[in-house]
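The values are calculated or read from the model by the stated rules, or taken from the named source; none is laboratory data. Quantities reported herein were computed from a predicted structural model and do not represent experimental measurements. Using ideal geometry, Cβ is built from the backbone for each residue, glycine included, and neighbour counts are taken over all protein chains shown. We work out accessible area using only protein heavy atoms, side chains counted, and drop any ligands, DNA or RNA first. Shrake-Rupley method; radii C 1.70, N 1.55, O 1.52, S 1.80 Å.
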Amino acid sequence: MSKRQVILLVGILAVAGAPFLLPFFMPWSSVNCRDVEIDVNSGKKRESRYLYGIRVGREVSGTLLSAEVADEGKPERWVMVNRFGPYLGHSPHYLFHSALHQVQQLALIWDIGDFDAAGRQSSGRGLLREWQATGSDASADGYLRRLFESTRETGDL
């Protein structure tokens, strides 16, 4: 093999291997990652897959929250929840890092408190308002705790 062919082969291997080797040194690089976002106006979830920093896939799906909250026609406002690299099962902490877990907590409160459709919609909108008003998921934990306590106090548990 000539020197030129070796250099070309090494270059091709470097480019082809970058998405698999770079995450060892930069774990959450967009060279190879999966982003999870939530729309704070509807509660929908969006997952995007990136390779070489280029989005190669995107899927929008409903959540238990978005299924219960009527669409008010607000424009989508996606915020980052998690970013996963290929070798890590955890994500950096984003402002809305707990949002999807909070949706699950709300669904549990609905089940435990036997909420009707109007109650689910009202409390779901309350969770969305918390996210919108504070620009993070921080105050939503208190909202969910108060909602659970009020459900418990009314004797629905």
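Taking every residue in the stretch 97-114 that is within 18 Å of residue 44 (Cβ to Cβ) and pairing it with any residue that is aromatic (Phe, Trp, Tyr) and open to solvent by 40 Å² or more (accessible area, probe 1.4 Å), at least 6 positions away or on another chain, yields no pair with a Cβ-Cβ distance below 7 Å. Based on what the data block shows, is residue 95 in a helix (DSSP H, G or I), at pLDDT 90 or above and either surrounded by 12 or more Cβ atoms within 10 Å (Cβ to Cβ) or among the polar types (S, T, N, Q) (or both)? In short, no. Being part of a strand (DSSP E or B), touching a Ser or Thr at 6+ places or on another chain (Cβ under 7 Å) and crowded, with 17+ Cβ neighbours inside 10 Å is the filter here, so list the residues in the stretch 51-83 that pass it. The answer is 82, 83. You will find that of 140, 133, the residue that is in a helix (DSSP H, G or I) and surrounded by fewer than 19 Cβ atoms within 10 Å (Cβ to Cβ) is 133 and no other. Among residues of the stretch 118-131 that are free of Cβ contacts under 8 Å to residues at least 40 places away in the same chain, those with a beta-carbon under 9 Å from a residue that is open to solvent by 20 Å² or more (accessible area, probe 1.4 Å) and hydroxyl-bearing (Ser, Thr, Tyr) at least six positions away or on a different chain give the pairs 123/143; 126/143; 129/143; 130/139; 130/143.
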